[in-house]
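Below: one structure, written as structure tokens.
The values are calculated or read from the model by the stated rules, or taken from the named source; none is laboratory data. Keep in mind that this is a model prediction, so the values were computed, not measured. Here the Cβ positions follow ideal geometry from the backbone for every residue, glycine too, while neighbour counts run over all protein chains shown.
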Amino acid sequence: MNRDSDTNIIRLPRTTYAPSVNDLGYVVQKTRETKGGSVESAWAPPGSKQLYLLSVSLVVGTTMPFWKLYEQNGNKLTVLWSAESAELIKVAETLAKLSGTVQGAAKAEVPSKEFVAEVIAESQKAAAQALEDSRDSIAVMGDLDFLGSSADNVHVLESQLVEPVSGVFSYSVLRKFLDYECGRSQTFGVPMSLIVFRILGPERKPLPSSAATTAGIRLTMIKNRLDIVGVFEDFDLAILLPNTTPAAASFVAHKAMDILTASPLAPGLNKSTLTIAFSIGGLPDDGDDLSGLISSVRRARATVGVRA
């Protein structure tokens, strides 16, 4: 079979690990965009000569993606597994097991020292720039000159969507995304998770503006492509993770904790002075609807607290 001749295939960049749940969510999203085509994701484990190829297709008019995993030796492709499934966590576990590479669970979610240092350095640069710009917006939307006079309207809209202190989406915007993902979870049977962080300074007071900006930037820099970072209720920060179970979200939460506490968020706000509590809730594990999910997160937040 000459796969290169098929122009209705979207080929994603090759990696060294099996796709995580969030990666698979992105693949499914791209598959829907092909309108009858397919998306291919390939990976080769470090030190191995084996190449694994995942092909995902979605028949027009259906909602259930069809998965097919190949093992490639030269020009020969051997089918290792195929199934029709919307349960992304089970698909991710199957791919990791068959290819001998564990990604999204424990191994890939543990940040290296180099990664932490890079995120901190970049977040410090971004925070400095945000303060210099008076925090009109830290979510740069790119060069909008081509829009002419309409560019100003876009920037005004952007400033309304972003909470000015932390630089992430406002609570009202986060709620809109939560409404959407909750509906998608109920309709298609895919999981979703919400991580809420409460970060307090000395005497359990809310963070000053500079520290809140840095915290928001760091969370934004470690999120995956489909995740949403926003303000939760009064001054907490949250990460919305589509296509992710609470078990998988826990690894993201611990990675975030490492990033938040690896260096001071602002002078005097370090591990010894910060108090951070986080809670995780998800559908369908923790409720039948958005109200149940938020209630679950609030209860968990009240009981899960850790000193940084």
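Does at least one position in the stretch 202-213 carry a residue that is more than 27 Å from P284 (Cα to Cα), crowded, with 24+ Cβ neighbours inside 10 Å and touching a residue at least 40 places away in the same chain (Cβ under 8 Å)? Among the residues of the stretch 202-213, at least one is more than 27 Å from P284 (Cα to Cα), crowded, with 24+ Cβ neighbours inside 10 Å and touching a residue at least 40 places away in the same chain (Cβ under 8 Å), which makes the answer yes.
Can you name every residue in the stretch 17-56 that is in a loop (DSSP other than H, G, I, E, B) and within 20 Å of the chain's Cα centre (by Cα)? Matches in the stretch 17-56: Y17, A18, P19, S20.
When you scan the stretch 259-278, do you find a residue that is within 29 Å of P65 (Cα to Cα), in the same structural domain as M192 (by TED's automatic domain parsing) and touching a residue at least 60 places away in the same chain (Cβ under 8 Å), even just one? Scanning the stretch 259-278 turns up no residue that is within 29 Å of P65 (Cα to Cα), in the same structural domain as M192 (by TED's automatic domain parsing) and touching a residue at least 60 places away in the same chain (Cβ under 8 Å).
Residues are listed down the side, and each one gets a yes or a no for (1) surrounded by fewer than 14 Cβ atoms within 10 Å (Cβ to Cβ); (2) over 28 Å from D258 (Cβ atoms); (3) at pLDDT 85 or above; (4) not assigned by TED's automatic domain parsing to the domain that holds I280:
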| position | (1), (2), (3), (4) |
| --- | --- |
| V165 | no, no, no, no |
| C182 | no, yes, yes, no |
| F188 | yes, yes, no, no |
| P191 | no, no, yes, no |
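Checked against (1) within 21 Å of the chain's Cα centre (by Cα); (2) under 22 Å from G216 (Cβ atoms); (3) among the polar types (S, T, N, Q), N270 passes all but a single condition, namely (1). Annotation: of all residues in the stretch 234-248 being modelled with pLDDT under 85 and under 23 Å from E163 (Cβ atoms), the one that is farthest from the chain's Cα centre (by Cα) is D234.
I'd like to know if the stretch 278-289 contains one or more residues that are within 18 Å of the chain's Cα centre (by Cα), part of a helix (DSSP H, G or I) and closer than 27 Å to C182 by Cβ. Checked the stretch 278-289: no residue is within 18 Å of the chain's Cα centre (by Cα), part of a helix (DSSP H, G or I) and closer than 27 Å to C182 by Cβ.
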